[in-house]
Structures are given as C-alpha cells and as structure tokens.
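Asks: After the structure tokens below, expect a handful of questions from me.
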Amino acid sequence: MELVRRLLKAASRMLEEGSAHQQEAQAPEIVDISPSLVENIDHLTTIFSDTPDLIVRTFTYKKSGAPAALAFIEGLVDKSSINNNVLYHLMFHTSGDEQDEVPVTLGELQNHMAWSAVEASILHGYSILFIDGQAHAFALETQGWPQRAISDSQIEASLKGAHQGFVETGSQNIALIRRYISSRELKIKEFFVGKRTKSRVSILYLEDVALPEIRLELARRITSLQVDCILNTGELAELIEDNPLSLFPQMITTERPDTAASQLLQGRYCVVVDRSSSVLIAPVGLAAFFQGIDDYSNRWPVATFFRLLRFFACLIAAFLPAFYIACISYNHELIPLDLILSIGEFRSAVPFPPFIEALIMEIMLEMLREAGVRLPAPIGQTVGIVGGIVIGQAAVQAGIVSNLMVVVVASTAVASFILPNYDMASSVRLIRFPMMTLASLYGIIGMIAGAMVILAHLISLKSLGEPYSTPIAPLRISDWKDVFIRLPLRNMVYRPKSVRSLQKRRYGKVNQKGDDTT
C-alpha cells in the first residue's frame, strides 16, 4: 500500500508540473508593437538574443523631440545609406506636414504593427525605426549585403554571345533578364518558401505567350513545399520535378541571362531563386539540352553541324565503353580480322576481363575529373592533363589495361565535354555504367535492351506535365526545324508547338492577345 501511495503522489506531482508547463507555454506572446520605446527595445533584444551583429542606435527624433531608435543587422545593410539618407534627416530635419511622415530619402517605407513583420524585415536587410509614443514601426529600405560583381558564366561559356552571368541576388537577376526583354508583357509572380527562413522565389513569363495552365501548375508545386529553406535552384528543381528518381534533368538550369530570355520568348517559364546564381527553365524537352546560345549567333550550316556533333557525342559518351566490352567479350564477328588480331596482341598481357578493365579506367577518369573541379583552376588543369597522361601510360606499361581501352576512355571523356548542359552531361556519364554491365552480361543484345529501356523512360517522362521527348514522341514534324538541325531563322516563323504557347507567331505580324489559345 505504501508503494501504491508513493506512485500516486509521484503521478499527481507530474501532472501538476505538466499543467504548469502548459500554462507557461500558453502564456500570451507579445504580438503588437508597444508605444513605449523602452519596451520595444527590450523585446527586440529578447527576440535577437545572442546576436552581436544587431545594432540599436538611439537618438532624439528632431521632428517631435521624442526618443527614437534605429535597429538593423550589421552586414545586411548599407551603412552609408543609413548615415546619409536616414540618421542625418531624422536627427536634423523636420520636413513633412503629417505626423506619421518620416523625413527620410529612401525608395521604400513600410509601416509595421506586428513584431512578426519587424523580425522578417530586419532579417531581410531593412532598418527598423521605433519612435517613443507610436505603436508602430517603420521599415526602411537600406539593404546592402555582400555581393559579387556581374561576371561571365564559368560553366556555360560562349564565344559570340554575351559575357554576363547571373549573380546571387534575385533582383539583379531579374534586372538582367529585363535588359533583354523590355516589355510590359513580362510578368513576375513572387512566392516566399520555407518555414525557418523565407526564400523568395519568382516566376517570370510573357503573359501573351506562355500557357496559363503551366503557370498554375508550377505555382501549385512551389507553394505546396514544406521545407525549412530553399538554398539554391538545384534543391527547388528536385522538389518540384515530375520524376525525382530519373537520371535525366527535367528542367534546365542556366547561368546566362540571354539563354533565359530566349526560352521566355519561346513561351517557357523562368524561376529565379534569391541567393542563387542560376535560374530554372521549364517545361523543357530533351532536345533543349543540346541547344546552345551560340547556335543562333553562328550561321545555320555551322550551327547545324555542331548540333549534330553534340547528339553524336552523346551516343559516344553513353555507349562506346559498352560497345567495346560487347565486341571483345561476345560479338567478335563485328571486329575486322586485322583489328581483332591487334587487339588480341594488346590484351594478351592484361589479366582482367574487359568489364573490369573498362571499370577501372572509367572510375579513374571520374576521379581525375572531380579532382580537377575541386582544385584551384591552374592546379586543376595541371592535375587533369598530367594525371591522365601519367596514369594512362603507367597502367598500359603495368599491364592493367590495353592501349585500345585508353583510347576508348579518352574518346568517351572528350565526347562528354561536348554536351553544352552540365546536368545532361552528368546524366550521360552515369548511364554508361549500367550499359557496361549489360554489355558484359549479354553483349550487343544487352546494349539494345538497355537502349530500349532508356527510350521507353524518355517517352514516359514529363516536365511540368508536358512530354519530355517531344517533338519526337509525340511527333511534331514542324518543330524539327530546331532540333537535330537548325534551319535559317527566317524559316522558323512560329514558336515550337511542343511549348503550346498562346502566341504562335514570333516573326511577322504579332497579335498581342494571342493568335491561338488552344
């Protein structure tokens, strides 16, 4: 009985403690701003505790003679703007007839009544002005966080195109796109994504060209995200794409404003994520990943040759090692007699089967590629060139691989570098490993089966609900003018049918309301 009595007392004590904690948790939080300046400063320092870069500057407001305070986070504001456009006018000027009119020379002035809005504004680089006796605060546009200058894209190099790339500030990226499309039809829809940190995501489109249904679907996917924060466009693309398990990218990621503008003019959508130096383009098809901005700067025969070369390079990068393994292991009849005798002589000293030989060289190639990317540019180039030559020659002399295997791997590497889109090139690099496995097990039959699986996957894949393999499947012959070949611009009068744009015609007479809404 004594034990039961003790247990009951312990349970009662736990219930009382839980009730006390619940009452403390349900204590009303300060929501509205107080008229007292002292209370506002105390509450502000409580919100931003352990924040040494929070600056609270107290002074006397010249216009009313009341005490005032200006709060901001150092590093997110432009101090020269605060000194010249805010503090100087507040402390020495009395201009303005209205009581709530603040004598500052800034582009934007917001009035906040709640602490949640004050907190969000401070974290976004605004300065908050508190005046004693006023139960509201002013948010002053003084953003000035660190940012780099506009420079050329490091990934998407261009010989004849513009040499400007996106930066990590969303407003500047939108301004770069507006430099190419100076039209009132360029519309922007903004969203704030993230529970812990709000990330500004902007959708850009041409209202008289882009299909509204796609915009609604894109907006639905963005607003339905339940994440802490969106740090870059790669995260956003993976979260909103149709098939996240696919190896193939379903949205184009670009660092070039001219590429983004070109896709907008075709009727697609651009997604700009603040704090990211690249933008997303959707919906897109497979053929769009093989198009470069220089294709429209060169004459059409030259552009056609380079585009066909890219498609051929894609096949080489994906299937050449597997074809080598299939021919050596199973399908000897595909190799000429003189060549097969030479291959047998080279391979006589190699102790590994063709699959292991190719796997060693391909993994070594990927290691050298990643090492060259991670190291500083001058050292990375040296490591890539010297490492490739030394390791390849040493592997041949040691009898680990044959001379022909080195040629196959080198050809594969060069072919993968030709692809203009980095995401697609990375996907092709990964495809060759399962293709090598199938070729080592079943020869040419395995390669054909793997290629059929890839084709079936591409046909079933979608980008924002639109067919990924268009204009091949579904077949649209009129769009082939700008797929495998690039005809003269005067022959491409209409926008691609696969985009389903409202405004079909892009050369000649233009109807601002759209000439086809189907």
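The values are calculated or read from the model by the stated rules, or taken from the named source; none is laboratory data. Every value quoted in this text rests on a predicted model; they were computed, and no experiment measured them. Using ideal geometry, Cβ is built from the backbone for each residue, glycine included, and neighbour counts are taken over all protein chains shown. For accessibility, only protein heavy atoms count, side chains too; no ligands or nucleic acids. Shrake-Rupley method; radii C 1.70, N 1.55, O 1.52, S 1.80 Å.
Asks: Roughly speaking, what is the stretch gain from HIS124 to ALA157, that is 0.36 nm per residue apart minus the C-alpha to C-alpha distance, in nm to one decimal?
Replies: Values: separation 33, 0.36 × 33 = 11.88 nm, distance 3.29 nm.
Contour length minus Cα-Cα distance gives 8.6 nm.
Asks: Moving on to the next point. Can you compute 3J(HN,Hα) from phi for each residue in segment 236-244, using the Karplus curve 6.51 cos²θ - 1.76 cosθ + 1.60 with θ = phi - 60°, rounded to whole Hz and x for Gly and Pro?
Replies: 5, 4, 5, 7, 10, 6, 6, 10, x
Asks: Provide the packing ranking of 487-497, 105-115, i.e. peptides ordered by the mean count of other C-beta atoms within 10 Å per residue, highest first. Mind showing how you got there, number by number?
Replies: Values: 487-497: 15.0, 105-115: 13.4.
For the peptides 487-497, 105-115, the packing ranking is 487-497, 105-115.
Asks: What ³J(HN,Hα) values, in whole Hz, does the Karplus curve 6.51 cos²θ - 1.76 cosθ + 1.60 give for segment 488-498 when θ = phi - 60°, with x put for Gly and Pro?
Replies: With coefficients 6.51, -1.76 and 1.60, one gets x, 4, 5, 8, 9, 6, 10, 6, x, 5, 5 Hz.
Asks: Based on the mean of other Cβ atoms within 10 Å per residue, sort peptides 43-53, 444-454 so the most packed one is first. Could you put the intermediate results ahead of the total?
Replies: Values: 43-53: 12.1, 444-454: 15.6.
Ranked from most to least packed, the peptides come out as 444-454, 43-53.
Asks: Under 14 Å from a label point 7 Å along Cα→Cβ of ALA394: give me every residue in segment 354-371 with its amide N that close.
Replies: Counting backbone N atoms under 14 Å from the label point, the list is 364-365, 368.
Asks: Say the dipole of the chain comes from +1 at the beta carbon of Lys and Arg and -1 at that of Asp and Glu; which of ALA157, GLY344, PHE417 then lies farthest toward its positive end?
Replies: Checked the options; the winner is GLY344.
Asks: If R₀ is 60 angstrom, what is the calculated FRET efficiency for the pair THR51 and ILE335, using the beta carbon separation as r and rounding to 0.05?
Replies: Working: r = 70 Å, r/R0 = 1.17.
Given R0 = 60 Å and the Cβ-Cβ separation, E is 0.30.
Asks: Across segment 81-90, in residue order, what do the Karplus-derived ³J(HN,Hα) couplings come to in whole Hz, using 6.51 cos²θ - 1.76 cosθ + 1.60 with θ = phi - 60° and x for Gly and Pro?
Replies: Taking θ as phi minus 60°, the curve returns 5, 5, 5, 8, 9, 10, 4, 4, 6, 5 Hz for segment 81-90.
Asks: Whose amide H sits under 5 Å from the amide H of SER463, counting only residues 5 or more places off or on another chain, with H placed in the peptide plane?
Replies: Amide H neighbours of SER463: TYR468.
Asks: Order these peptides, 169-175, 210-216, by their mean beta-carbon neighbour count within 10 angstrom, highest first. Working shown, then result.
Replies: Values: 169-175: 18.1, 210-216: 16.4.
Ranked by mean Cβ neighbours within 10 Å, highest first: 169-175, 210-216.
Asks: For segment 244-342, with every protein chain kept in place, what is the accessible area per residue (1.4 Å probe, Å²)?
Replies: Working: 3800 Å² over 99 residues.
That works out to 38 Å² for each residue.
Asks: Something else now. For VAL38 and PHE417, what is the calculated FRET efficiency with R₀ set at 56 Å and r taken between the beta-carbons, to the nearest 0.05? Provide the component values of the computation, followed by the final result.
Replies: On the way: r = 64 Å, r/R0 = 1.15.
With R0 = 56 Å, the Cβ-Cβ based efficiency is 0.30.
Asks: Separate question: Give me the dipole magnitude in Debye, nearest 20, for the chain about the Cα centre, with unit charges on the beta carbon: positive for Lys and Arg, negative for Asp and Glu. Display every interim value, and only then the final one.
Replies: Details: 46 positive and 52 negative charges, 380 e Å.
Its charge dipole is roughly 1820 debye.
Asks: Straight-line reach only, C-alpha to C-alpha below 16 angstrom: list the aspartates and glutamates that LYS63 could link to, leaving out same-chain residues fewer than 8 apart.
Replies: Output for LYS63: ASP97, GLU98, ASP100, GLU101, ASP132.
Asks: Shape of the chain from its Cα gyration tensor (a ≥ b ≥ c, root eigenvalues): rounded if a/c is under 1.5, otherwise prolate when a/b > b/c, or oblate?
Replies: On the way: a/c = 2.31, a/b = 1.69, b/c = 1.37.
Judged from the Cα gyration tensor, the chain comes out prolate (a/c at least 1.5, a/b above b/c).
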